[in-house]
Amino acid sequence: SFTGLANQTFCTVLLYKNSPSLKTRESEDIQQQIIRETFHLVSKRDENVCNFLEGGLLIGGSDNKLIYRHYATLYFVFCVDSSESELGILDLIQVFVETLDKCFENVCELDLIFHVDKVHNILAEMVMGGMVLETNMNEIVTQIDAQNKLEKSETFIFQSPRQDR
Amino acid sequence: MSTFVLAAPIAGKSKEAEIKRINKELANIRSKFKGDKALDGYSKKKYVCKLLFIFLLGHDIDFGHMEAVNLLSSNKYTEKQIGYLFISVLVNSNSELIRLINNAIKNDLASRNPTFMCLALHCIANVGSREMAEAFASEIPRILVAGDTMDSVKQSAALCLLRLYKTSPDLVPMGEWTSRVVHLLNDQHMGVVTAAVSLITCLCKKNPDDFKTCVSLAVSRLSRIVSSASTDLQDYTYYFVPAPWLSVKLLRLLQCYPPPEDAAVKGRLVECLETVLNKAQEPPKSKKVQHSNAKNAILFEAISLIIHYDSEPNLLVRACNQLGQFLQHRETNLRYLALESMCTLASSEFSHEAVKTHIETVINALKVRGVGPLRGQERKGLDVRAGGGAWMSGYSLEREVVAILAEKYAVDYSWYVDTILNLIRIAGDYVSEEVWYRVIQIVINRDDVQGYAAKTVFEALQAPACHENMVKVGGYILGEFGNLIAGDPRSSPLVQFNLLHSKFHLCSVATRALLLSTYIKFINLFPETKATIQEVLRSDSQIRNADVELQQRAVEYLKLSSIASTDVLATVLEEMPPFPERESSILAKLKKKKGPGAGSELDDGKKEPGAEINGGMEPSASTAVRYLSLVSPHPSCSLQSTPSPSADLLGLRAAPPASLAAPTSAGNLLVDVFSDSPAAAPAPCRFVCKNNGVLFENQLLQIGVKSEFRQNLGRMYLFYGNKTSVQFQSFTPTAVDPLVEGGAQVQQVLNIECLSDFTLAPLINIKFRYGGTLQNITLKLPITLNKFFQATEMQSQDFFQRWKQLSLPQQESQKIFKANHPMDPEVTKAKLLGFGSALLDKVDPNPDNFVGAGIIQTKSLQVGCLLRLEPNAQAQMYRLTLRTSKEAVSRHLCELLSEQF
């Protein structure tokens, strides 16, 4: 299962992947192919059709589903297996976006591109190994805040001068 | 930090500039890592982070792993975090570093620092490799159930364990901790409960008994959530819906078990389900789509559970009504899910009758808007389809709508033809092969719609651009029934031909091949088109076509049309005989998808109708044979027999010069063909697991058999060898030459169709005169029910789900018996495969055991079968368990198979 997000100009960021087969170097092509395919499928869909797509072979067969949501210029795509509820995942995407919004204060596309690591962290608080970990937005935000605090305190104490930039 | 890392590539204006910039950066980092000066933690982190980003941009990274591993042992969160991130993204499992990484993880797990523990658990879950499982699978349960573990760690530990279990189930030891995991359902922290439910749902599929207690806990948890006001759960309330994810998960968990036996628990659950259904009728607390989404997510799971239980008629009716409402909803998501649920409802195997009446409820709900019940559905279906033309692989909805709505309730087949042709016109790309195969099947089988269908396709083909599938249907139907509309000058034969031929060049090879067959059929139907069509066939683009198939067809059809007399032509190109009225391949496919006992061979649905249609186009043995004599009818196994030269009238396919009594020098030559000599066991028993061999032998006669089976059909070749040097006279079965010369062999072909499940093998009676005395032999034919077994591959999860669904005592048949042959696993494997079931690897936790799955295909029904064979080498015993959806089948198969070992 993976989470992806794509904008309308076909610059896709594979945010998170969780399938051992996707880990090896040789499979990078497959990854790219998945991204392209997914984007292709999702982007040409009308607004008024449903948000679930049955999985093709690429994403692991029909047990898997693509579930996506469209926000302004961005598509958020989750690929999940049949153990998850479709509408539940749709809501999870909403929670994800709302959380991003809270953490970045009015999130925009550039935030996501410039702070990939943060987005990763937020997603990691929600989804772990492709499974839903936490759905409570406040809990997630608390965790992220705690991390930021830790990070800040460490940076403050240990930061060496930025010589090379 | 990240901005500065990112600035690097972003600064590059073009691709080349970016690559240049990155190479420079990589060189810089490399030199830093190699430098004499030891790097401090911060710089290490910085460079590792840069490497990671460069990798994510799609460039290769071949160094820095060691530095990343070093970061793991840092005691600063940010450094550790980057280290772990790098490891989860970039480390491959064969790496030297695994030992070091595992060591660092071990330290973090033991650190009692919740943040570090979570990082370590995340890393394990994200990598999820077998090595990780080996190292930590026994450690994590301990963390999970320890009393002093923090909530956030428990949550991560539960999911981490789930992940390891999914990758390497054999490495996760069950034990004392399982009962304590179940009690996590009572945890204060909702996040912990959610994670625990996911874990238990997966674990209990394999060990339902170990986790049985979770049912009552889940029910009480669910009821607390469902009955709470939307403010009670505070943070876990999502748009006024209390804990939707947890509710969904709990309902999913309950779907792993049969209805609770304890009346109190059951009562409470029913109450919950009623509340959920009631809430659906309440006015929404918010206009936001999130609110209704969350509410409906729970509702759909509740409905699935109701369907799964299949025991509360009251709830079932309400569920159906609810689905009916959703079917009319303007939100496509809901329509889609409702259709899906409706399918499960419809294909629920155990209460077919009950479900039927419920489906009526759904239809009634649809009536409100539609013209009539059927039109309503049709319209709805097409609406959904037209709007959702981009259903990814489209199949699911197509099948659903077509199968359920049209097939089951089509009373008027012209309506069906209309619907499907419309469907092909509107969304040809998304129509699966089954759909158009099926429409042809229907048209051929019902003469009342043939004229109508011909007219409709003729009209449809007049559209300037029409879908290839339409051309296929059109070609087929006009080839068969074009004569029915030929009277009208607007659709005279030549007009029909020209219309079809105008599409010819735009079509794929397969379609063109089909059209060529249509043309030859036209020559038969309308002699006046012969010259035109021969001209077309003779053209270079056909007769010299680069495609072998097309070329062959063109050449053969041309010859056929010029050589054969009208009579021969008429016989060869006879109208297709009706297809055996079997279950629709579409419905079968649907069942396969949803039904518990049904199979799941992916391409199977395609193959089957393909064989019907293409095989049918050129009359092949099975169709031509249908008109010929019957030899030994049997209540449930009809045999059709004929000497085989007539089997292939066209001779287009290489016809074996079969029963021309090929004289062989000595009868015993035959024995060499079938290497193993007849053993002492009665014939049918020996043939349970194999299809070829010697069926019978005495001093005079030897009968060899060769057979093949597919789906519910089979063909059997019997070879009668005269072992003497004297002629046999008045040899019957009559299909065989009445005179069998000394030392000669004759062949008989039997076509077999399995109509329903059976236990007694059909008999064949052989009579002949040998030197004046009448010989009379009656034999059981080696046809047993398992011959119609179709192997089904499935995952362990599916297997156990189905296994569980077949848990009624009468569905199971078990036998414990002593081994009669040496217990060789390879031999056993071969026997099970010969028996017809698929052998499923890695399903049974005990590798010595064998499990198999398949479907018994009969004309009237399909029976899903699961089997498990447990050898006990010490005791020299086997235990065989069969579970099928039909009692008689379980028993019979169990008997048949148990005699084989």
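Read the figures in this text as sums done on the coordinates, not as results from a lab. Just so it is clear, the structure is predicted and the values come from calculations on it, not from any experiment. Heads up, the Cβs are rebuilt from the backbone with ideal geometry, glycines too, and the neighbour counts pull from every protein chain shown.
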| note | Here the gain from full extension of B:HIS501 to B:GLU870, 0.36 nm per residue of separation minus their alpha-carbon distance, amounts to 126.7 nm
| message | Can you list residues from other chains, or at least 5 along the same chain, whose modelled amide H is less than 5 Å from the amide H of B:ASP210? | response | none
| Note, ³J(HN,Hα) from phi for segment A:42-51, Karplus 6.51, -1.76, 1.60, rounded to Hz, x at Gly and Pro | 6, 6, 8, 7, 5, 5, 8, 9, 7, 8
| query | Can you list residues whose amide H is under 5 Å from B:ALA110's amide H, if they're 5+ apart or on another chain and H is modeled 1.01 Å from N? | reply | none
| message | Under the rule of at least 5 residues apart or a separate chain, name every residue whose amide H is placed under 5 Å from the amide H of B:LEU701. | response | B:LYS723
| note | For B:470-483, B:789-802, ranked highest to lowest by mean beta-carbon neighbours within 10 Å, the order is B:470-483, B:789-802
| For segment B:827-901, what relative contact order do you get, as a whole percent, if you take Cα pairs closer than 8 Å and at least 6 residues apart? | 20
| query | Per residue, how much space in cubic angstrom lies within the convex hull of the C-alpha atoms of segment B:164-220? | reply | 76
| note | A student asked for the Cα radius of gyration and Dmax of segment B:785-899 in angstrom ought to give 13.2, 43
| query | Between segment B:117-137 and segment B:753-786, how many Å separate their Cα centres? | reply | 63
| message | Output wanted: per-residue J couplings in Hz (rounded whole) for segment B:503-508, from phi through Karplus 6.51 cos²θ - 1.76 cosθ + 1.60, θ = phi - 60°, x for Gly and Pro. | response | 8, 3, 6, 8, 9, 6
| said: Using the Kirkwood formula on the Cα atoms of segment B:686-780, what hydrodynamic radius do you get, in angstrom to one decimal? | reply: 14.2
| said: Can you compute 3J(HN,Hα) from phi for each residue in segment B:882-887, using the Karplus curve 6.51 cos²θ - 1.76 cosθ + 1.60 with θ = phi - 60°, rounded to whole Hz and x for Gly and Pro? | reply: 10, 10, 9, 7, 10, 4
| Under the definition of Cα pairs under 8 Å and six or more residues apart, what whole-number percent is the relative contact order of segment B:686-780? | 21
| field | Semi-axes of the equivalent ellipsoid for segment A:72-135, Cα gyration tensor, largest first, Å | value | 21, 13, 10
| Of the cross-linked pairs B:LYS15/B:LYS45; B:LYS15/B:LYS44; B:LYS166/B:LYS804; A:LYS152/B:LYS249; B:LYS706/B:LYS767; B:LYS50/B:LYS106, which ones have a Cα-Cα span greater than 31 Å in the structure shown? | A:LYS152/B:LYS249
| request: Would you kindly give the portion of the calculated P(r) for segment B:79-231 that falls above 26 Å, as a percent of all Cα pairs? | output: 28
| field | Rounded D (µm²/s) - segment B:173-252, Kirkwood Rh over Cα pairs, Stokes-Einstein at 25 °C, 0.890 mPa s | value | 190
| Near-label residues of segment B:110-141 by backbone N, under 19 Å of a point 7 Å along Cα→Cβ of B:ASN207 | B:133-141
| field | Ranked list, fewest to most other Cβ atoms within 10 Å of each Cβ, for B:CYS160, B:CYS272, B:CYS894 | value | B:CYS894, B:CYS272, B:CYS160
| In nm, to one decimal, how far is the B:SER138 label point from the B:ALA570 one, both placed 7 Å along Cα→Cβ? | 8.4
| What ranking do B:ARG330, B:ARG512, B:ARG879, B:ARG715 get, fewest neighbouring Cβ atoms within 10 angstrom at the top? | B:ARG330, B:ARG879, B:ARG715, B:ARG512
| request: Please give, to one decimal in nm, the separation of the simple spin-label points placed at B:GLN795 and B:VAL827, each 7 Å out from Cα toward the Cβ. | output: 3.7
